[in-house]
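Q: Here it is, the structure in full.
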Amino acid sequence: MAKKFQNFINGKWVDAKSGKTFENRNPANWDEIVGTFPKSGKEDVEEAVKAARNAFDSWRLMPAPKRGDILRKVGDIMVARKEELARQMTREMGKVLAETRGDVQEGIDTAYYAGTEGRRLFGHTVPSELPNKYNMAMRVPIGVAGIVTPWNFPMAIPTWKIFPALLCGNTIVFKPASDTPATATSLVEILLEAGVPEGVVNIVHGGGGEVGMAIVSHPEVDLISFTGSTGVGIKISEVASQTLKRVSLELGGKNAQIVMPDADMDLALEGVLWGAFGTTGQRCTATSRLILHEKIHDDFLKMLVDRVEKLKLGDGLQPGVDVGPCVNEGQQKTTQSYVEIGLQQGATLAAGGEIPSDPNLKKGWFYKPTVFSGVKPDHRIAKEEIFGPVLSVIKTKSLDEGIQILNDTIYGLSSSVYTKDVNGAFRAIRDIKAGITYINAPTIGAEAHMPFGGVKQTGNGHREGGWAVYDFFSEWKTVYIDYSGGLQRAQIDNY
Ligand code: UN1
């Protein structure tokens, strides 16, 4: 019998009002059911928003350092449960255990950061232009935050959003991806155990079209934080604009790594293997284009293909496995369809390009790590986000041309340059249009205490992570205190 999970609304574990459920299965072995979850709808969202709205007034009045204490405790519980959480995550979404441990660790780092931020949340005091008058600006909570998250970082991404939102004094309606509802449920359990009061955090499971959109369109939800595809992000932005919500969108990427002839080739090779095939290529920061200088192109490609063919596919819980499955059949099909498009447009398949025939892998959504060479910047596999284990190799004549190719995309999340030339590296930092640039490191691997996000159609200008995310989850309240005892008119009495 599969374990039955529930929504958590207004301090109670409950089924969907409709009584409907959906199954969550292991992508490495589709026969294995992780659990059944409520297939919720608008009426469940309605209850959750009501609960979050009611809880807001007491939660916002709890001193921020106290809210921080709760989040520190969240971090402690996550530390104690790290291994179990990582195993649960690998079972439900497939990435290898080392990576799911890292995903949980990113949540722990975010919890401790939020814990101490409770004693900062700095505002500003600023001199007034008038005598005997005091000016300050302070951060205040906003209200109910709708949190809609993807399956590729089932712990880290929800924590990036929920912890700062809570620390700032907002209450939560949380809709996790339906591919990773178990990890999300564990996160809610941990928040409760740490002392988050009733109604402050509510989780509603179900589909994006029903539950997600009901949250986004709800007039009593004040802000939305979403990570996912650019297509869905645009829709969310349209719907949320009807009620003028504050919206943070973290969307697609088409990240590139440039390798220059002066780079450490072994290091650049390790970098691209990790950047392109870590998480089976299913990161918004994944390296999906490799831009090689013509002088090293052929040798590097050979080294790369040799290593890619040795990557071991399998169940992420097994030791020695490098690459897990795609998260579901849809992702596997998308990957396959992009391989066909690459071939049709004239790129050369240098490695992979098929579903493995190994009978041990037949029950999962595996796809062989794939490399295309001879890719032209205008090929669709060089332009569109695939979100699978496919790397497009493009040749360039110079660093400047390489940067131009790197920038030639609608996205701008992560980027990487391997070179030992300090002048070239600084030019790249200046000229690359991306939210994140790595020098001599792969496109993946952001740290939780640094701003995270992208330019162009990767988002709408907000940042997660570090200090920057606190700007999104709080509002500025500007305060003037006039202790002159008389009417003082700014801009008039003093000039
Ligand atoms: C994502 O790619 O969806 O920077 C998030 C990284 C991780 C987070 C990635 N820390 O690769």
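Q: Express the Stokes-Einstein translational diffusion coefficient of region 272-367 in µm² s⁻¹, to the nearest whole number, given a Kirkwood radius over alpha-carbon pairs, 25 °C and a viscosity of 0.890 mPa s. Display every interim value, and only then the final one.
A: Details: Rh = 14.5 Å.
Translational diffusion coefficient: 169 µm²/s.
Q: Quick one: which residues, 5 or more positions from residue 449 or on another chain, have an amide H under 5 Å from its amide H? H modelled 1.01 Å from N in the peptide plane, none for Pro or chain starts.
A: Those qualifying (amide H under 5 Å, at least 5 residues apart or on another chain) are 466.
Q: Which whole-number value in Å³ per residue fits the convex hull of the alpha carbons of the chain?
A: Working: hull volume 81.1 nm³, N = 495.
Dividing the Cα hull volume of the chain by its residues yields 164 Å³.
Q: Could I ask something else about it? Mind checking the alpha-carbon convex hull of region 1-139 and giving the volume per residue in Å³?
A: Numbers: hull volume 24.0 nm³, N = 139.
Dividing the Cα hull volume of region 1-139 by its residues yields 173 Å³.
Q: At 7 Å along the Cα-to-beta-carbon direction for both residue 429 and residue 58, put a label point, then send me their distance in nm to one decimal.
A: Output for this residue pair reads 5.0 nm.
Q: Specify the inter-centroid distance of region 15-77 and region 150-218, based on alpha-carbon positions, in whole Å.
A: Distance between centres, Cα-based: 5 Å.
Q: At 1.4 Å probe radius, can you tell me the per residue accessible area of the chain in Å²? It would help to have the intermediate numbers written out before the result.
A: Values: 20310 Å² over 495 residues.
Accessible surface, normalised per residue, equals 41 Å².
Q: Hey, another quick one. How big is region 343-470 by Rg and Dmax over its Cα atoms, in Å?
A: 17.1, 51
Q: Using just the helices of the chain, give the 222 nm mean residue ellipticity in deg cm²/dmol: DSSP H runs with n ≥ 4 each add -39,500 (n - 2.57), and the total is spread over all residues, rounded to 500. All intermediate terms of the calculation are to be shown ahead of the outcome.
A: Numbers: 14 runs with 182 residues, N = 495.
Computed ellipticity for the chain at 222 nm equals -11500 deg cm²/dmol.
Q: In Å, what is the Rg of the alpha-carbon atoms in region 134-261, and how long is Dmax?
A: 16.1, 59
Q: Can you tell me the orientation of helix 297-308 relative to the chain, as the angle in degrees between its alpha-carbon axis and the longest Cα principal axis, to the nearest 10?
A: Relative to the chain, helix 297-308 is tipped by roughly 80 degrees.
Q: Mind scanning 82/161; 3/82; 17/456; 42/235 and naming the pairs with a C-alpha gap bigger than 29 Å?
A: Working: 82/161 19 Å; 3/82 21 Å; 17/456 40 Å; 42/235 18 Å.
Pairs exceeding the cut-off: 17/456.
Q: Between residue 460 and residue 132, what length comes free when the chain is fully extended (0.36 nm per residue of separation minus the Cα-Cα distance, one decimal in nm)?
A: 114.0 nm is the gain from fully extending residue 460 to residue 132.
Q: Step by step: find N for region 223-326, compute 2.2 N^0.38 Å, then divide the Cα radius of gyration by it. What's the final number?
A: Details: Rg = 18.4 Å, N = 104, 2.2 N^0.38 = 12.8 Å.
Here the answer is 1.44, to two decimals.
Q: If you wrap a convex hull around the Cα atoms of region 402-455, how much volume per residue is inside, in Å³?
A: Working: hull volume 4.3 nm³, N = 54.
Spread over its residues, the Cα hull of region 402-455 gives 79 Å³ apiece.
Q: Further question on the same structure: Run the quick spin-label model on residue 478 and residue 344: label points 7 Å from Cα toward the beta carbon, then report their separation in nm to one decimal.
A: Roughly 5.5 nm, to one decimal.
Q: Continuing with the same structure: Could you list which residues have their amide H under 5 Å from that of residue 25, counting only those 5 or more apart in sequence or on another chain, with H placed in the peptide plane?
A: Long-range HN contacts for residue 25: 34.
Q: Another one. Take the alpha carbon atoms of region 255-313, find their radius of gyration, then divide it by 2.2 N^0.38 Å using N residues; give the quotient. Could the numbers behind the result be given before it?
A: Working: Rg = 11.2 Å, N = 59, 2.2 N^0.38 = 10.4 Å.
This ratio for region 255-313 stands at 1.08.
Q: Ranked highest first by average number of other Cβ atoms within 10 Å, how do 129-141, 244-256, 462-474, 85-97 line up?
A: By packing density, highest mean first, the sequence is 85-97, 244-256, 462-474, 129-141.
Q: How big is the Cα convex hull of region 13-84 in projection, averaged over all directions, in nm²?
A: On the way: hull surface 29.3 nm².
Reported value for the Cα convex hull: 7.3 nm².
Q: Cross-chain or 8 or more residues apart, Cα under 12 Å: how many lysine pairs in region 255-439 fit that? Count them up, please.
A: So the count works out to 5.
Q: Which net charge results when you count Lys and Arg as +1 and Asp and Glu as -1 among the other residues whose beta-carbon is under 12 Å from that of residue 360?
A: On the way: positive: 312, 362, 363; negative: 315, 358.
Once all neighbours under 12 Å are counted, the net charge is +1.
Q: If you take all C-alpha pairs in region 148-187, what percent of them are over 14 Å apart?
A: In whole percent, the long-distance tail amounts to 38.
Q: If I compute solvent accessible area with a 1.4 Å probe over the protein chains, what percent of it on region 255-439 is carbon and sulfur?
A: Values: 3800 of 7630 Å².
Carbon with sulfur: 50 percent of the solvent-accessible area.
Q: Using only alpha-carbon positions, what ratio does the radius of gyration of region 255-439 give when scaled by 2.2 N^0.38 Å? If you can, show how the numbers build up before the last one.
A: Details: Rg = 15.7 Å, N = 185, 2.2 N^0.38 = 16.0 Å.
Dividing the Cα radius of gyration by 2.2 N^0.38 Å gives 0.98.
Q: If you don't mind, there's one more thing I want to ask. ³J(HN,Hα) across region 356-362 via Karplus (A = 6.51, B = -1.76, C = 1.60, θ = phi - 60°), whole Hz, x for Gly/Pro?
A: x, 8, 3, x, 5, 9, 5
Q: If you build the convex hull over the alpha carbons only and average its shadow over all orientations, what do you get for region 131-208? Give it in nm² to one decimal.
A: Working: hull surface 27.3 nm².
Spelled out: convex hull of the Cα atoms, projected over all directions, averaged, 6.8 nm².
Q: For the Cα atoms of the chain, what angle does the longest principal axis make with the long axis of helix 156-167, in degrees from 0 to 90, nearest 10?
A: 10 degrees
Q: I would also like to ask the following. Could you tell me what percent of the accessible area of region 116-167 is made up of carbon and sulfur, with a 1.4 Å probe and every protein chain present? Don't jump to the answer; show the numbers that get you there.
A: Numbers: 1090 of 1870 Å².
Carbon and sulfur atoms account for 59 percent of the accessible area of region 116-167.
Q: Give the average over all directions of the projected area of the C-alpha convex hull of region 54-123, one decimal, in nm². Please report the intermediate quantities before stating the final value.
A: Values: hull surface 24.0 nm².
Average projection, Cα convex hull of region 54-123: 6.0 nm².
Q: Still on this structure, please answer the following. Remind me, relative contact order of region 307-429 in percent, using alpha carbon pairs under 8 angstrom and six or more residues apart? Walk me through the numbers on the way to the answer.
A: Working: 162 pairs, mean separation 24.8, N = 123.
For region 307-429, the relative contact order is 20 percent.
The values are calculated or read from the model by the stated rules, or taken from the named source; none is laboratory data. Everything numeric in this text was worked out from a predicted model, so none of it was measured. Cβ: placed from backbone, ideal geometry, glycine included. Neighbour counts: every protein chain shown. Accessible surface areas use protein heavy atoms only, side chains included; no ligands, DNA or RNA. Shrake-Rupley method; radii C 1.70, N 1.55, O 1.52, S 1.80 Å.
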